[in-house]
Amino acid sequence: MTTNESDCQISEINYKEHWNAAYTKNSTEKLGWYEEKSIKTLKLITKTKLPKEAKILNVGVGSSTIIDSLLKEGYTNLIANDLAEKPLENLQIRLGEKSKKVTFIIDDLVNPTKLNTVRDVDLWNDRAVLHFFLKEEEKKSYFNLIRKVVKPGGYVIIAVFALDGAEKCCGLSLQRYDAQILQDYLGDGFTLLEELNHTFINPYGGERPYVYTLFQRKN
């Protein structure tokens, strides 16, 4: 079983059901967006020089190994968020006893009922979530949530499909970005510290151009 685009054709979309199904039918290693190690994200996190007790909110994290890596690096205040229950269950099972060191929040980024109560986030980390939001009201909700939860001086990492990236992922249409578009949505309250282009090779050999960005909220 794979998660190539042709495997996920759908009409009426219930996003929670869609992602629960993807993580039920496929092991983490066979998901089209699987990274053995989140090298680019970890590089940007290192650049922030945040202390190990920094509050790091990983949005739409699924069962990503970024949580494993951050725990290994000694970070102690991690939040793992996803819309769907199944990927977070898979992540908890893989982490075992280490899962007790992570706060798990099942919630919708564009219609939050729990995440909007979180405060003083030192780092917002998003790899491959934002680009699924196509409606302007969804994007507005996403960026408003960033402004609500990220503290002054805090950081935002957003990694999304670049302008020359894929048009679909797992049957879902995508919005593609560059650093300037992200800056425009975040507004003048955030400073772009770094951007880098990266062509991710998925588990099936497909090339997926991404743009990785690191922003800092102004004090």
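The values are calculated or read from the model by the stated rules, or taken from the named source; none is laboratory data. What you see is a predicted model; the values in this text were computed from it and never measured. Here the Cβ positions follow ideal geometry from the backbone for every residue, glycine too, while neighbour counts run over all protein chains shown.
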Next on the checklist: I need the strands (runs of 3 or more DSSP E) fully contained in the range 92-174, keeping only those with at least 2 residues that are of a type outside the set (Phe, Trp, Tyr) and farther than 24 Å from GLU35 by Cβ.
Outcome noted: 150-161
Next on the checklist: Condition check: touching a residue at least 60 places away in the same chain (Cβ under 8 Å), assigned to a helix (DSSP H, G or I) and on the phi < 0 side of the Ramachandran plot. Does LEU44 satisfy that?
Outcome noted: yes
Checklist outcome for this item: Note on the range 176-208: residues surrounded by fewer than 12 Cβ atoms within 10 Å (Cβ to Cβ) and of a type in the set (A, V, I, L, M) are ILE201
Next on the checklist: Going through GLU29, GLU53 one at a time, which residue ends up being loosely packed, with under 13 Cβ neighbours inside 10 Å, of a type in the set (D, E, K, R) and either modelled with pLDDT under 95 or in contact with a Pro (Cβ under 6 Å, 6 or more places away or on another chain) (or both)?
Outcome noted: GLU29
Checklist entry - Restricting to the range 175-202, what's the tally of residues that are in a loop (DSSP other than H, G, I, E, B) and more than 18 Å from the chain's Cα centre (by Cα)? => result 3
Next on the checklist: Being hydrophobic (A, V, I, L, M, F, W, C) and crowded, with 17+ Cβ neighbours inside 10 Å is the filter here; which residues of the range 34-49 pass it?
Outcome noted: LEU44, ILE45
Checklist outcome for this item: Scanning the range 195-209 for residues that are among the charged types (D, E, K, R) and modelled with pLDDT under 90, the one farthest from THR48 (Cα to Cα) turns out to be GLU207
Checklist outcome for this item: Of (1) in contact with a strand residue (DSSP E or B) (Cβ under 6 Å, 6 or more places away or on another chain); (2) assigned to a helix (DSSP H, G or I); (3) in contact (Cβ under 8 Å) with a residue 40 or more places away in the chain, ILE67 satisfies every one except (3)
Next on the checklist: Looking only at the range 32-41, filter to residues that are in a loop (DSSP other than H, G, I, E, B) and at pLDDT 80 or above; which one of those is farthest from the chain's Cα centre (by Cα)?
Outcome noted: LYS37
Checklist outcome for this item: Only one of ASN58, ASN20 is at pLDDT below 80 and farther than 22 Å from GLY206 by Cα, namely ASN20
Next on the checklist: Take the conditions surrounded by 20 or more Cβ atoms within 10 Å (Cβ to Cβ), closer than 19 Å to THR191 by Cα, more than 13 Å from the chain's Cα centre (by Cα) and not aromatic (Phe, Trp, Tyr) and apply them to VAL156. Does it pass?
Outcome noted: no
